[in-house]
Amino acid sequence: MGSYAPYGYIKSPSNKYLLIPDEPAADVVKRIFAEFAHGISGRQIAERLNRDGILSPRAYYYEQVGRANPKNEKMTWCSPTVLSIIDKQVYIGNLVQNQRETVSFKIKKRRFTNPDDWIVIEQTHEPLIERELWEQVQKLRRNARRTRKPKAKKQESIFAGMVFCSDCGAQMAASMRGNVTRYLVYRCGTYNNHGKDSCSAHSIREDLLESIVLNDVHQFGVLAQRDTEHLIKCVISELKAEFEKDNISAAHELKKVTQKIDSINNAVKTLYADKLDGKMPEAFFYSLMSDYEAELSSLTARLPDLQENAERESSCADNVTRWTKLIVDYLEISKLDRVLARDIIESIIVSEAYIVDGVKHWDVTINYKFVGNIQMPQAVMQDTA
């Protein structure tokens, strides 16, 4: 619909209304999504692209058309450019219209519209990014919170955005501690922002958390290496037991929501009939319709999640197999970084420390990619109090 194809695509020579991948730029788009999914920020991705000599979208365009930029502006990658690419649905094969509107016919200024007013046409061209990866990146975009950077050293936290408080559910933020020996500590974000009346001041050192995660990963890796089929069978059995309980609840809720939607649709038909027959005042009709539409919109929005919960058991075996293959690759790893951690961990839930016989303990729950938490939280001992 636009004058120019978006970065990563060109217009088909045989059909100007069809987008086809522009391989050099398409590879850059794929790289951006992959790096962002691994926890690399938009600014850092931009710095890497500039360092590697990759032309920015605008510079690439002018090179392709063989013209100089008439504005003579700086044409390098920056964080907004990277993030704008990440936000575009065009890379999963969708075209989106009505994203901006003219403020006034008297001026050329435009403003962004509410996403609810966008017109999305799906599967119009070949996607560059798999939907699973795109949704993962969008989730990171929505949930991303800035982690306070250490003042003494620019040291990145391994589990940034992945560690959560078991009491309030808030993200645990990383900060540097120690006067002589410096180390990173994850601390409850709710306590940091609102004080002791909101949540307890619990925390855990990153080096300890890393050792806990690696120990857990290595244990599963050893089991997978010894007898892959047995581990897969055990994990599937554990997950199915959990699914059965959840699926009954989800299926029941799905049935209730579906019945309610049918009931509302029938009620709307009756309302229209009564209005046409003159049996209902117009003001009363529109009042009822507004209520019905609001309730119908709310119920319809819940359907995808309920259907996914009711059907997720079907993908259980494939997910467990993928996780098992991944876990074996980590047997030789003795040190984690952000990329490695994000490849295998979905989230980590940490309790407040407690003392047993003079020894400090934490309950740590590790939720793995593809399979979630497949064991009961274990009390981990560290440091004599």
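Any idea how far apart residue 354 and residue 140 come out in nm if each label point goes 7 Å out from Cα toward Cβ?
3.5 nm
Could you list which residues have their amide H under 5 Å from that of residue 10, counting only those 5 or more apart in sequence or on another chain, with H placed in the peptide plane?
HN-HN under 5 Å from residue 10: 20, 22.
Under a 5 Å amide H to amide H cut-off, with H placed in plane at 1.01 Å, what residues pair with residue 369 once short-range neighbours are removed?
Hits under the 5 Å cutoff: 345, 346.
Compute the FRET efficiency between residue 261 and residue 124 as 1/(1 + (r/R0)^6), taking r as their Cβ-Cβ distance and R0 = 35 Å, and round to the nearest 0.05. Write out the running numbers ahead of the final one.
Working: r = 29 Å, r/R0 = 0.82.
For R0 = 35 Å, the calculated efficiency reads 0.75.
List, in order, the whole-Hz ³J(HN,Hα) value for each residue of segment 158-167 obtained from phi through the Karplus relation with A = 6.51, B = -1.76, C = 1.60 and θ = phi - 60°; use x for Gly and Pro.
Computed from phi, the couplings for segment 158-167 are 5, 9, 4, x, 10, 9, 10, 6, 6, 7 Hz.
Select from segment 27-72 those trypsin sites (Lys or Arg not before Pro) which occupy a DSSP coil region and have at most 11 other Cβ atoms within 10 Å, ordered by residue number.
Values: sites: 30, 31, 43, 48, 51, 58, 67, 71; in loops: 67, 71.
Within segment 27-72, the qualifying trypsin sites (Lys or Arg not before Pro) (loop, at most 11 other Cβ atoms within 10 Å) are 67, 71.
Taking loop as defined by DSSP and a crowding limit of 13 other beta carbons within 10 Å, which GluC sites (Glu not before Pro) in segment 316-377 fit? Mind dumping the intermediate values first?
On the way: sites: 332, 346, 352; in loops: 332, 352.
Those satisfying the criteria are 332.
Work out the FRET efficiency for residue 211 and residue 34 from their Cβ-Cβ distance, taking R0 = 25 Å, and round it to the nearest 0.05. Before the final figure, lay out each step's value.
Values: r = 28 Å, r/R0 = 1.11.
In this case the efficiency is close to 0.35.
Rounded to the nearest 0.05, what FRET efficiency do residue 116 and residue 233 give with R0 = 51 Å and r taken as the Cβ-Cβ distance? Could you check? Mind showing how you got there, number by number?
Numbers: r = 46 Å, r/R0 = 0.90.
With R0 = 51 Å, the Cβ-Cβ based efficiency is 0.65.
Starting from the 7 Å offset along Cα-to-Cβ, what nm value, one decimal, do you get for the label separation of residue 297 and residue 218?
5.4 nm
Coordinate-derived values only; no laboratory data. Only a predicted model underlies this, so the values are computations on that prediction, with no experimental measurement involved. Glycine also receives a Cβ, built like all others from the backbone with ideal geometry; neighbour counts cover every protein chain displayed.
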